[in-house]
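The values are calculated or read from the model by the stated rules, or taken from the named source; none is laboratory data. On a predicted model such as this, the values are computed, not experimentally measured, just so you know. Backbone-built Cβ (ideal geometry, glycine too); neighbour counts: all protein chains shown.
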Amino acid sequence: MEVAKWARPLKTLNWENRMAQEASGQKNPKPFNHFLRYSSLGLQLVVSIGAAGWLGHWLDGKMELRFPVFLLSFVFITFGVMLFQLYRSLNK
């Protein structure tokens, strides 16, 4: 079966990258390491947003506010910071 014309450059590029890694003495990263890296990023996202939400809810309750100002602000700020961290780690 012949490879599609648009896939040939991708196949060649992958082969060239592999050859460059072998020449420089680098080992191929294990797929399990990538899984751990990205699952830890997801876990950090969930835990930090959950902690920010809990803290905001607690502060809103302590100050007896009708509108959840702290809850919303902490969650959105944490979400923005975590997206920025995710962006930086994916570009490495």
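Values for this structure:
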read-out	value
Where a residue in the range 71-82 is farther than 13 Å from residue 56 by Cα and its partner, wherever it lies, is part of a helix (DSSP H, G or I) and β-branched (Val, Ile, Thr), with Cβ under 8 Å and at least six apart	79/49; 82/49
In the range 50-87, the residues that are part of a loop (DSSP other than H, G, I, E, B) and of a type in the set (D, E, K, R)	64, 66
Hey, residue 65 modelled with pLDDT of 95 or more and more than 28 Å from residue 33 (Cα to Cα) or not	no
Close pairs (8 angstrom Cβ cut-off, 6 or more residues apart or separate chains): free of Cβ contacts under 8 Å to residues at least 60 places away in the same chain and charged (D, E, K, R) in the range 37-60, crowded, with 16+ Cβ neighbours inside 10 Å and assigned to a helix (DSSP H, G or I) anywhere	60/70; 60/71
Every residue from the range 74-89 that is surrounded by 14 or more Cβ atoms within 10 Å (Cβ to Cβ) and charged (D, E, K, R)	none
Residue that is at pLDDT below 85 and surrounded by 13 or more Cβ atoms within 10 Å (Cβ to Cβ), where the choices are 37, 18	37
